[in-house]
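Visitor: Sharing a structure, written as structure tokens. Questions coming.
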Amino acid sequence: MDYTAHPTAVIDEGAEIGTGTKIWHFSHIMGPCRIGENCNLGQNVVISPEVILGRNVKVQNNVSIYTGVTCDDDVFLGPSCVFTNVTNPRSGVNRRGQYAKTHVGKGASIGANATIVCGHDIGAYAFVGAGAVVTKNIPDYALVVGNPSRQVGWMSEYGHRLSFDDTGLATCPESGDRYELQSGKVVKMETP
């Protein structure tokens, strides 16, 4: 075993867990699922069958990740955020096998208590504000807030709000990386 799990964590047979991953108190990892290297799963986390988490994914306390969800590397899932996987759930109607898919792109962050309605993808380095309810696809680098969520800006890969000048250029204040706004999409510029 090349990962660390608290004694109260339940890890089902068939779960693949990467080297260096840490699983904390009262979490349940169902098989089959795949968790990448160096992930950190806080307490009371549920990972359902067939979920895929990339490398270095941070899952904070009380997060439920249901079948149909995949997360690329370096994703941050804030405390008590939740994913759904059925668009029209009913207790008396079995919809297993009808799970909608949701993909979270590399480096994206989802804030505390946000809800991601299934079938909507989150772009790379997007930032979903705390308490937001995502009801449509979110583009790369977008900043969204509210219920239903609406885009209010753009974020850098370091998590800073970008301010574009008249020529459509912006610089991250922490990394110095430059970004360009082209036809309603943000593109990180190559370093010279």
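Visitor: For segment 76-93, in order, what is each residue's ³J(HN,Hα) by Karplus, 6.51 cos²θ - 1.76 cosθ + 1.60 with θ = phi - 60°, in whole Hz (x at glycine and Pro)?
Guide: Those phi angles translate into 10, 10, x, x, 6, 6, 9, 10, 9, 9, 10, 6, 9, x, 9, 4, x, 10 Hz.
Visitor: For segment 150-155, just list the computed ³J(HN,Hα) in residue order, Karplus coefficients 6.51, -1.76 and 1.60, θ = phi - 60°, integers in Hz, with x standing in for Gly and Pro.
Guide: Each residue of segment 150-155 in turn: 9, 7, 10, x, 10, 10 Hz.
Visitor: Could I ask something else about it? I need the calculated FRET efficiency for the pair Val152 and Lys101, taking r as the beta carbon distance and R₀ as 25 Å, to the nearest 0.05.
Guide: The pair Val152/Lys101 has a calculated efficiency of 0.45.
Visitor: Which GluC sites (Glu not before Pro) from segment 93-192 combine a DSSP loop assignment with at most 12 other Cβ atoms within 10 Å?
Guide: Counting only loop positions with at most 12 other Cβ atoms within 10 Å, the GluC sites (Glu not before Pro) in segment 93-192 are Glu174, Glu190.
Visitor: Between Ala112 and His6, how many nm apart are label points set 7 Å from Cα along the C-beta direction?
Guide: The two pseudo-label positions are separated by 1.8 nm.
Visitor: Over the chain, how many pairs of lysines fall under 25 Å by alpha carbon, counting only those 8 or more apart in sequence or from different chains?
Guide: Here the count comes out as 13.
Visitor: So, one more: Is the shape of segment 1-114 rounded, prolate or oblate, going by the alpha carbon gyration tensor and its root eigenvalues a ≥ b ≥ c, with a/c under 1.5 for rounded and a/b larger than b/c for prolate?
Guide: prolate
Visitor: Next question, about the same structure. Determine the gain in length on full extension of the stretch Arg161-Glu16; use 0.36 nm per residue of separation and subtract their C-alpha separation, reporting nm with one decimal. Before the final figure, lay out the partial values.
Guide: Details: separation 145, 0.36 × 145 = 52.20 nm, distance 3.58 nm.
Residue separation times 0.36 nm, minus the Cα-Cα distance, leaves 48.6 nm.
Visitor: Lys185 versus Asn88, label points 7 Å from Cα toward the beta carbon: distance in nm?
Guide: The answer from the label model is 3.3 nm.
Visitor: Please compute the length gained on full extension between Thr135 and Asp177, using 0.36 nm multiplied by the number of residues separating them and subtracting their Cα-Cα distance.
Guide: Working: separation 42, 0.36 × 42 = 15.12 nm, distance 3.02 nm.
Going from the current span to full extension adds 12.1 nm.
Visitor: Also: Quick one: what are the phi-derived ³J(HN,Hα) couplings along segment 127-136, Karplus 6.51/-1.76/1.60 with θ = phi - 60°, whole Hz, x for glycine and proline?
Guide: Once rounded to whole Hz, the list reads 9, 9, x, 4, x, 5, 10, 7, 10, 7.
Visitor: Exactly which trypsin sites (Lys or Arg not before Pro) in segment 11-120 are in a DSSP loop and have at most 10 other Cβ atoms within 10 Å?
Guide: In loop regions of segment 11-120 (DSSP not H, G, I, E or B), the sparsely surrounded trypsin sites (Lys or Arg not before Pro) are Arg96.
Rule-based calculations on the coordinates, nothing more; no lab input. Computed from a predicted structure; not experimentally measured. Cβ sites come from the backbone with ideal geometry, for glycine too, and all protein chains shown count toward neighbours.
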